[in-house]
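Structure first, commentary second.
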Amino acid sequence: MNVKAISVNVGKALLVSALFMLLSIVVSVLNGLDAAFTPLTISFIITLLVGAFPFIFIRNTPAMTLTDGYLTIVLSWLLSFIFGMLPYVLYGGEFTLINAWFESVSGYTTTGSTILNDIEALPKGLLFWRSSTHYIGGLGVVVFLLLVMPQASPYRLKLTNMEMSTLSKGGYKYKSSKIVRIITGVYVGFTIACALSLWAAGMSLFDAVNHSFSIAATGGFSTRNMSIGYYQSDLINLIVIFFMAVCAMHFGLIYAVFATGSLKPMKNSVVGYYFGSITVCSLIVMFVLMIQGGYDSWGRAAVDSAFTVVSYMSTAGFGICDNSTWPWFAGLVLLFVSLQCGCSGSTTGGIKVDRILIAFKGIGNEIKRRLHPSAVYQVRMSGQHLSDSSVHAVMMYIVTYVIVILVSIIVVMMCGSDVVEAVSGVVASVGSVGPGLGELGCMDNYSAQPVMSKFVFALDMFMGRLEIFPVLIVISMLLKRR
């Protein structure tokens, strides 16, 4: 284990957090040195010193191995969670130790679950920091491996293959340095466009910037207790729906559209299935709301269903209505999209539509093979054939994903949560969705959950955001060393 290389790269991750803490301090100063100034300043100093410490003693960073890469990734996220919770702990209020940990993990993993009952009571400096954790985590999930391992390109290429879909691979046929520029450019571009659109639609500049951080990262933290529903504006609702849906798409694909000036890159099976899922699920929920949900307006039902489906599927987790009283069938649809979520190569969580589509086609091929044993069948995605090993890897990931969910549900129920909260909370946490069903719906929070349930939910967020296997690999390496 190369301690020097790991220390330097973990330090880089902490310095990023320190930078956004400094920006949050500026926001606090601009708002009259609000109550977040002292907690943020102390947290900034501590994080800056710890992040810069390795650079004092290590001049030349040694090259990293694959093992060092995985350890760097896991440790960077864990330490970001710990230092990211400092402003919450020092501020106090609703932030007990477990609540501060939960909020920090939820922020960095772009899950968007919260333990806060009164978000609007927080000072603006702390609200900005809260949104900033989304922004750091959102960009970090996509390009983190490339940013922290500039000297280990062979290993970097192996690690990026954790995204098994052909869409993800096809969109990143560039050198690593260009991938970073592409992803960062698309990410920042969406943030600016979203913030300006929301500001023009009637949000305050502060709210527009904070919500754009959450939307670009497909997070869900809002500056309002009622989330997007606070604004009571269909224009804002439509803007948010658009950016949530687009930000859940493959960033390399979006870059290709702008680079070529053509929508041709969008003409593939994954994009078709993604938007098809949104359309079908939204229509189902709309009809359920009209028939059983007590809605008397097709327009209202259409907006509420489309917003909520896109919010859950993109893992953004915003809300404009209280879905805790929706009919059970609408809840099942939301549970399905919470499992599936958006496209690979984006900031979304979940299994992802790429893998779901590959699984469907793989199952279809297996049925054909059993009917015609001598025939040769291969899964095709966007005109390309997938190897059996790629399909097998997708199936193994889905199986592992489901196992993590099942084990977590059992543990959470043992901790005292009821069935609906356990199932929907675990699915929402592993998928980085945020809201669940029932008492964990769009307009509710996780504050009433038992302490141990919150801990399990936070662990699920961590595992889901890193796509499970990096965490399992590190655990396996530690056990093997013992």
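The values are calculated or read from the model by the stated rules, or taken from the named source; none is laboratory data. Bear in mind that the values here come from a model prediction, so they are computed numbers and not experimental data. As a convention, Cβ positions derive from the backbone with ideal geometry for all residues, glycine included, and neighbour counts pool all protein chains shown. The protein model used for the area step is the full one, side chains on, heavy atoms only, and it has no ligands, DNA or RNA in it. Shrake-Rupley method; radii C 1.70, N 1.55, O 1.52, S 1.80 Å.
How far, in nm, would the chain grow between LYS267 and ILE82 when pulled straight, counting 0.36 nm per residue and subtracting the alpha carbon separation?
62.3 nm
Give me the number: length gained by fully extending TRP328 to SER374, i.e. 0.36 nm times residue separation minus the C-alpha to C-alpha distance, one decimal in nm.
Using 0.36 nm per residue and subtracting the Cα-Cα distance, I get 12.1 nm.
Using helices alone, what [θ] at 222 nm do you get for the chain, with -39,500 (n - 2.57) per DSSP H run of 4 or more residues, divided over all residues and rounded to the nearest 500?
Using -39500 (n - 2.57) per qualifying helix, the result is -22500 deg cm²/dmol.
For a label point 7 angstrom out from the Cα of PHE469 toward its Cβ, which stretches of segment 1-41 have the backbone nitrogen within less than 16 Å?
none
With viscosity set to 1.002 mPa s and temperature to 20 °C, compute the Stokes-Einstein D of segment 418-457, Rh being the Kirkwood radius across alpha carbon pairs; µm²/s, no decimals.
The Stokes-Einstein estimate is 219 µm²/s.
Please work out, to two decimal places, the log10 of the ratio I(q)/I(0) at q = 0.11, 0.17, 0.20, 0.22 Å⁻¹ from a Debye calculation in which every Cα of segment 207-330 carries one identical scatterer.
Log-scaled intensity ratios, in q order: -0.41, -0.90, -1.14, -1.27.
Please work out, to two decimal places, the log10 of the ratio I(q)/I(0) at q = 0.16, 0.18, 0.25, 0.34 Å⁻¹ from a Debye calculation in which every Cα of segment 88-131 carries one identical scatterer.
Debye output, listed in q order: -0.35, -0.45, -0.92, -1.50.
Please name which of GLY11, THR348, TYR377 has its Cα lying farthest along the dipole of the chain towards the positive end, using unit charges on Cβ (Lys, Arg +1; Asp, Glu -1) and the Cα centre as origin.
Working it through, the farthest residue towards the positive pole turns out to be TYR377.
Could you provide, to the nearest whole Å², the per residue accessible area of the chain with probe 1.4 Å?
Accessible surface, normalised per residue, equals 41 Å².
Report the per residue volume, in Å³, of the convex hull enclosing the C-alpha atoms of segment 261-335.
109 Å³
Just the ratio, please: alpha-carbon radius of gyration of segment 265-387 over 2.2 N^0.38 Å, N its number of residues.
1.26
Check every DSSP H run in the chain and write down those whose alpha carbon atoms cover 15 angstrom or more along the long axis and whose mean Kyte-Doolittle hydropathy is 1.6 or greater.
What comes out of the filter, once short or polar helices are dropped, is 3-30, 37-57, 234-247, 269-292, 328-340, 388-415, 419-430, 469-481.
Looking at the P(r) of segment 1-61, how many percent of alpha-carbon pairs lie beyond 20 Å?
35 percent
Given a Förster radius of 25 Å and the C-beta distance between ASP388 and THR67 as r, what FRET efficiency does 1/(1 + (r/R0)^6) yield to the nearest 0.05?
That gives a FRET efficiency of 0.35.
At q = 0.21, 0.27, 0.30, 0.35 Å⁻¹, what is the log10 ratio I(q)/I(0) for segment 360-399, with the Debye formula run over Cα points and no solvent?
Here the Debye-derived log intensity ratios amount to -0.67, -0.99, -1.09, -1.18.
Determine the principal axes of the Cα atoms in segment 8-98, then give the extent along each, sorted from largest to smallest and rounded to whole angstroms.
Principal-axis extents of the Cα atoms in segment 8-98, largest first: 47, 28, 17 Å.
Could you tell me which residue out of GLY294, MET461, ALA306 lies farthest along the dipole of the chain toward its positive end? Charges go on the beta carbon: Lys and Arg +1, Asp and Glu -1, centred on the Cα centre.
MET461
Only Lys, Arg, Asp and Glu count, each charged at its Cβ (+1, +1, -1, -1), so figure out the dipole size of the chain about its Cα centre, rounded to 20 debye.
Using only the charged Cβ atoms, the result is roughly 2260 debye.
Length gain on complete extension for the stretch SER447 to ARG181, per 0.36 nm per residue less the alpha carbon to alpha carbon distance?
Roughly 91.9 nm would be gained on extension.
Find, to one decimal place in angstroms, the Kirkwood hydrodynamic radius of the chain, where the mean of 1/r is taken over every pair of different Cα atoms and then inverted.
22.8 Å is the Kirkwood radius here.
For the ranges 411-419, 14-22, 246-254, 125-133, what's the packing order if you count other beta-carbon atoms within 10 Å of each residue, average per peptide, and put the highest first?
125-133, 246-254, 14-22, 411-419
Give me the net charge for the shell around SER24: Cβ to Cβ below 11 angstrom, other residues only, Lys and Arg +1, Asp and Glu -1.
Net charge around SER24: +1.
Computed FRET efficiency, Cβ-Cβ of GLU366 and LEU97, R0 60 Å: what is it to the nearest 0.05?
Efficiency at R0 = 60 Å is approximately 0.75.
Sticking with the crude label model, points 7 Å out along Cα→Cβ, report the distance from MET396 to GLN292 in nm, one decimal please.
Going from the MET396 label point to the GLN292 one covers 4.0 nm.
Along Cα→Cβ, 7 Å out, is where each label goes; now give me the distance between the ones at ASP118 and ARG300 in nm to one decimal.
2.9 nm
Take the residue pairs LYS264/LYS352; LYS12/LYS267; LYS12/LYS264 and return only those whose Cα atoms are more than 28 Å apart.
Check vs 28 Å cut-off fails for LYS12/LYS267; LYS12/LYS264.
Sticking with the crude label model, points 7 Å out along Cα→Cβ, report the distance from LEU205 to LEU22 in nm, one decimal please.
2.2 nm
When Lys and Arg each count +1 and Asp and Glu each count -1, what net charge do the other residues less than 14 Å away from TYR230, Cβ to Cβ, add up to?
Combined, the nearby Lys, Arg, Asp and Glu give -4.
What net charge do the residues around ILE119 carry, taking every other residue with its C-beta under 12 Å from that of ILE119, with Lys and Arg at +1 and Asp and Glu at -1?
Summing Lys/Arg as +1 and Asp/Glu as -1 gives -2.
I'd like the distance between the alpha-carbon centres of segment 436-459 and segment 261-318, rounded to an integer number of Å.
One Cα centre to the other: 25 Å.
Which residue, chosen from THR223, VAL257, THR47, occupies the Cα position most advanced towards the positive end of the dipole of the chain, where the dipole is computed from +1 (Lys, Arg) and -1 (Asp, Glu) charges on Cβ about the Cα centre?
Most positive-ward Cα: VAL257.
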